[in-house]
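A short worksheet on the structure shown next.
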Amino acid sequence: MQRYSGFGLVKHALSHHENWQRQWRNPTPKKAYDVIIVGGGGHGLATAYYLAKEHGIKNVAVIEKGWLGGGNTARNTTIVRSNYLWDEAAALYEHSMKLWEGLSQDLNYNVMFSQRGVLNLGHTLQDMRDIQRRVNANRLNGIDSEVLDTKGVQELVPIMDCSKNARYPVLGASWQPRAGVARHDAVAWGFARGADAHGVDILQQTEVTGFKIRDGRVYGVHTNRGDIEAKTIGCVAAGNSGVLAKMAGIKLPLESHPLQALVSEPLKPVLDTVVMSNHVHGYISQSDKGDLVIGAGIDGYNGYGQRGSYPTVEHTLQAIVEMFPIFSRVRMNRQWGGIVDTCPDACPILSKTKVKGLYFNCGWGTGGFKATPGSAHVFAASLAKGEMHPIAAPFSIDRFNTGALVDEHGAAGVAH
Amino acid sequence: MFYIHCPYCGETREEEEFHPKGQAHIARPLDPDACSDEEWGDYLFFRDNPRGIHHELWVHAVGCRKFFNVTRHTVTYEILETYKMGEQPSITAEHPEGRPTDAVDQQASLRDGVRA
């Protein structure tokens, strides 16, 4: 792998930038690998990267039916935070946050991680009590978090309507200064380049059509490019996890819903942090390019069509305009939907299954992007050792039968 | 925007009058105390999540406030039919064009028999 550097930039300028090395190869599938990762989104690529880098397992294939980062990795609103309430979830997301903080250097790829802070607004007394409880829990878990009052919020975001006359007045917020945003495409590309450099085969436009299972043990997959064998298979397929699970005869407690987001025309810098509101349900940040990135809620019904419903967009924009009257005449450029695999307790599944050698990492729902490095790091460790990593262990699929749920539903900052 | 036909009101109304309530035709175990953890967990949390025809429970929240069933395609989002509680769908994944009429009749008579 050619390392990127300022010197390299100058060197390539001399040849008019025509000789840059391809970021990853486009190999033909081998007959067999040590590990197969199904799904070439951020989590899948990062799992392959950590398998190769930290566990020395380099004979790995990532199988992707579309193209890299063509799914939810590039369809989210790029927010990264770790202010979760419960210990199990906080450990997972904070593990991820720590990896984010060194990720650009680690990958030699600028993922544009910008720790501009995240505000989770409170609009009612109960919101504020929940925020206080969550901030206290965060601090006990060593996560930076503080409670702000209305004045504190107004100082951070002068353009927000914090007056008492608002329909849902801003009473305060939780504030995590280390949180922020990252460039989602760069995350997928950076991990792909890093994994490829370690010898991982990234197989695009290869669709898994079935699993080869014998005596309760998986030993390969059927694909549209022939059979590929491996004794360890990790499925990281987000919205399509349920379809994969069905092929292996496993039931997952997941429901796929459309979640949509939109971006506006580019504006001059006006918002230098991330604002999320659970109560009126909208979240917003401004990208480096200048466009406002706005996230909506999920549609209540199941769906696999990558688009969302109009009432949901309308409600979200009403909330945004209520909070930011200054944006009332901003025009929207693009709107899209991603398919999120939601779990009943709004926490992911990182788990072994009843089929030996077959692992699932799914159920991230509306909040998977922020967890990309952390989820992949612990999942790779689990695949390498054959035992779930201690941070991943509480997220076993068994919890839906034992009752040991990690109920982040009402407790997370926003947006589940 | 969906236009949904409420089988109780007999009218086709906009999506915003309704709320989706998840998968239809889930029967609560008759004796919950006798359920194993496996069975109870399955009843509470595990749902079909098909890519294709799906039967759902909806409520006409700001209309008649009654629950009813919808058969909908989860990729095209086309609503194929709506039907009252206690009824069975005529369009299923096995019979996307509608079940053969005698099967429907048989179902209907079976159901009427149960009701009677």
Scan the stretch B:20-30 for residues that are closer than 18 Å to A:PRO344 by Cα and either facing chain A (nearest Cβ under 8 Å) or of a type outside the set (Gly, Ala, Ser) (or both) and jot them down. B:PRO20, B:LYS21, B:GLY22, B:GLN23, B:ILE26, B:ARG28
In the stretch A:42-81, how many residues are modelled with pLDDT of 95 or more, in a loop (DSSP other than H, G, I, E, B) and of a type in the set (Gly, Ala, Ser)? 1
Any idea which of A:ARG225, A:ARG167, A:ARG214, A:ARG183 is within 30 Å of A:TYR4 (Cα to Cα) and charged (D, E, K, R)? A:ARG183
Can you pull out every residue in the stretch A:234-244 that is within 14 Å of another protein chain (Cβ to nearest Cβ), crowded, with 24+ Cβ neighbours inside 10 Å and at pLDDT 90 or above? A:ALA237, A:SER241
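Of the residues that sit in the stretch A:11-27 and are polar (S, T, N, Q) and in contact (Cβ under 8 Å) with a residue 40 or more places away in the chain, which one is farthest from A:LYS212 (Cα to Cα)? Spell out how you get there, then give the answer.
Filtering the stretch A:11-27 down to residues polar (S, T, N, Q) leaves A:15, A:19, A:21, A:23, A:26.
After this cut, where a residue has to be in contact (Cβ under 8 Å) with a residue 40 or more places away in the chain as well, the list is A:23, A:26.
Working: A:GLN23: 32, A:ASN26: 25 Å.
Filtering first and then ranking leaves A:GLN23.
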The correct count of residues that are out of contact with any strand residue (DSSP E or B) (no Cβ under 9 Å at 6 or more places or on another chain), among the hydrophobic types (A, V, I, L, M, F, W, C) and outside any helix (DSSP H, G or I) in the stretch A:332-384 is 2
When you look at B:GLY10, is it within 14 Å of chain A (Cβ to nearest Cβ), out of contact with any strand residue (DSSP E or B) (no Cβ under 8 Å at 6 or more places or on another chain) and free of Cβ contacts under 8 Å to residues at least 24 places away in the same chain, yes or no? no
Pairs only if they're at least six apart or on different chains, beta carbon under 9 angstrom, first in the stretch A:321-333 and exposed (fewer than 12 other Cβ atoms within 10 Å of the Cβ), second assigned to a helix (DSSP H, G or I); list them, first residue then second. A:SER328/A:VAL321
Out of the stretch A:294-324, which residues are in a loop (DSSP other than H, G, I, E, B) and within 25 Å of B:LEU57 (Cβ to Cβ)? A:ASP299, A:GLY300, A:TYR301, A:ASN302, A:GLY303, A:TYR304, A:GLY305, A:GLN306, A:ARG307, A:GLY308, A:SER309
When every residue in the stretch B:33-70 that is out of contact with any strand residue (DSSP E or B) (no Cβ under 7 Å at 6 or more places or on another chain) and of a type in the set (Asp, Glu) is compared, the one nearest to B:TYR3 (Cα to Cα) is B:ASP42
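The values are calculated or read from the model by the stated rules, or taken from the named source; none is laboratory data. No experiment lies behind these values; they were computed from the predicted model shown. Cβ coordinates were reconstructed from backbone atoms using ideal geometry, including for glycine residues, and neighbour counts include every protein chain displayed.
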